[in-house]
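Following: one structure in structure tokens, then a few remarks.
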Amino acid sequence: MTWQDKLSNSVKSVAPSGIRKFFDIAAKMQDVISLGVGEPDFVTPWPIRESCVYGLERGYTSYTANRGMLKLREEIARHYVEKFNVGYDVDTEILVTVGVSEALDIALRAILNPGDEVLIPEPCYVSYQACTFMANGVPVSVPAKIENEFRITPEELEPFVTPKTKAILIGYPNNPTGAIMERDDLLKIADFAEAHDLIVISDEIYGDLTYGGVHECFAALPHMRDRTILLNGFSKAYAMTGWRIGYALSNPDFIAAMTKIHQYTILCAPITAQMAAVEALKRGEKYMKKMVADYDRRRRLIYDGFKTMGLDSFEPRGAFYIFPNITASGLTSEDFAERLIQVEHVALVPGTAFGKCGAGHVRCSYATSVEKISEALNRIEHFLKSHK
Ligand code: PLP
């Protein structure tokens with residue numbers, strides 16, 4: 001008998017995140033340029049930080065309501081009415097969480113019975129499969145195709161539907177591909193969800209990060225508000241990863257069930273971070289837009305760079321990732337990522353970390369400076385030449 005034998009089977013069978021491995025290698029090296037992390041290189045804008053300092057000065061150090069501060073729920077509700085014309089009741093339909101990470105976990109735990117299946121288009125964010133599994137559900141991967149710019153269609157989903165299918169979990173703009181779904185694409189998914197009576201968990205954490213297009217909120221589509229558990233947060237758009245604030249919006253039954261789990265496991269999100277989130281929604285938009293404009297410049301630089309060196313990539317239209325095809329190098333995505341960091345000290349993530357259909361790709365985050373992106377592109381080009 002070992003300590004391993006005493007672990008929960010579901011936790012034991014989940015593999016650690018394929019992203020972390022490369023962080024760990026990078027952390028031990030000097031002169032590494034990291035395109036690996038999905039994290040803004042900006043510091044949270046000062047007025048947002050200041051609201052936290054102000055809160056501390058005034059002694060705001062207590063718990064808040066389990067669902068989150070009323071002021072924050074009011075700001076979230078206002079934001080969704082103004083931006084997407086979809087309304088949520090502040091008392092029963094909004095839950096403030098510790099990042100989208102917590103919201104995702106408790107959404108799955110609130111709706112899944114053992115053996116319930118969740119359709120998950122891949123490539124996708126690393127937590128979708130693992131959280132479904134740890135919530136006793138069965139993640140069902142549905143490959144999205146590069147020919148279709150990694151959007152998902154009802155025709156691709158249909159063959160995977162069984163009597164046990166309970167939900168579909170989508171994340172657009174997408175991590176790791178940078179794909180977006182336009183209104184017409186989403187309307188088809190909405191019809192599909194309605195036809196099969198599925199819950200839709202829509203992770204819209206990158207909703208503010210789109211380039212040359214408008215983000216469509218899934219819950220704002222006809223008949224989708226109550227069927228959708230909408231997840232969003234402050235980490236990416238407002239450069240607030242360390243503050244750990246997210247939220248879930250849905251019908252009162254789903255939110256009450258999620259609140260039950262949140263109440264017993266988390267109690268509430270930190271008060272000072274919630275105060276900062278209020279400020280982000282009240283006055284943060286101009287700072288956010290400036291950061292998005294910067295990401296757009298970097299996006300064009302990295303997209304052109306990969307094209308010039310002959311690595312195929314479709315143009316990412318959202319989030320801050322690009323997902324080039326590296327098969328021209330003759331290497332697998334794992335070998336490419338591993339050798340690149342060892343030889344050229346550039347960290348990126350193999351596409352397979354996001355699902356099997358990410359094979360032949362790598363994910364690069366361009367949430368880093370123009371200088372670093374340019375230098376990383378030089379090193380990747382050098383690497384490719386020496387591997388031809
Ligand atoms: N959803 C997606 C698609 C992400 O890429 C991430 C973080 O990388 C998260 C959720 C987690 O976000 P948070 O910091 O709000 O927990």
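The values are calculated or read from the model by the stated rules, or taken from the named source; none is laboratory data. Keep in mind it's a predicted model, so treat the numbers as computed, not measured. Cβ sites come from the backbone with ideal geometry, for glycine too, and all protein chains shown count toward neighbours. SASA here: full protein model, heavy atoms, side chains in, ligands and nucleic acids out. Shrake-Rupley method; radii C 1.70, N 1.55, O 1.52, S 1.80 Å.
Summary of computed values
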read-out	value
Test set (1) in contact with a helix residue (DSSP H, G or I) (Cβ under 8 Å, 6 or more places away or on another chain); (2) farther than 16 Å from P316 by Cα; (3) not aliphatic (A, V, I, L, M) - R151 fails condition number	(2)
Qualifying residues in region 197-213 (those that are under 22 Å from R299 (Cα atoms) and small (G, A, S)) - the one farthest from the ligand (Cβ to nearest atom)	G212
Hits in region 340-378 (condition: among the charged types (D, E, K, R) and either open to solvent by less than 30 Å² (accessible area, probe 1.4 Å) or modelled with pLDDT under 95 (or both))	E344, K356, R363
Selection status of D296, in contact (Cβ under 8 Å) with a residue 40 or more places away in the chain and either among the basic types (K, R) or open to solvent by 20 Å² or more (accessible area, probe 1.4 Å) (or both)	yes
Near pairs, Cβ below 7 angstrom, 6+ apart or cross-chain, from region 186-197 (closer than 15 Å to V161 by Cβ) to any residue that is open to solvent by 80 Å² or more (accessible area, probe 1.4 Å)	E194/H223
Residue, farthest from the ligand (Cβ to nearest atom), within region 226-238, restricted to residues that are buried (at least 20 other Cβ atoms within 10 Å of the Cβ) and not in a strand (DSSP E or B)	R227
Yes/no for E194 being under 18 Å from the mean Cα position of the chain (by Cα) and away from the ligand (no atom under 16 Å from the Cβ)	no
Test result for F354, in contact with a strand residue (DSSP E or B) (Cβ under 8 Å, 6 or more places away or on another chain) and aromatic (F, W, Y)	yes
P252 being more than 14 Å from the ligand (Cβ to nearest atom), in contact (Cβ under 8 Å) with a residue 40 or more places away in the chain and at negative phi	yes
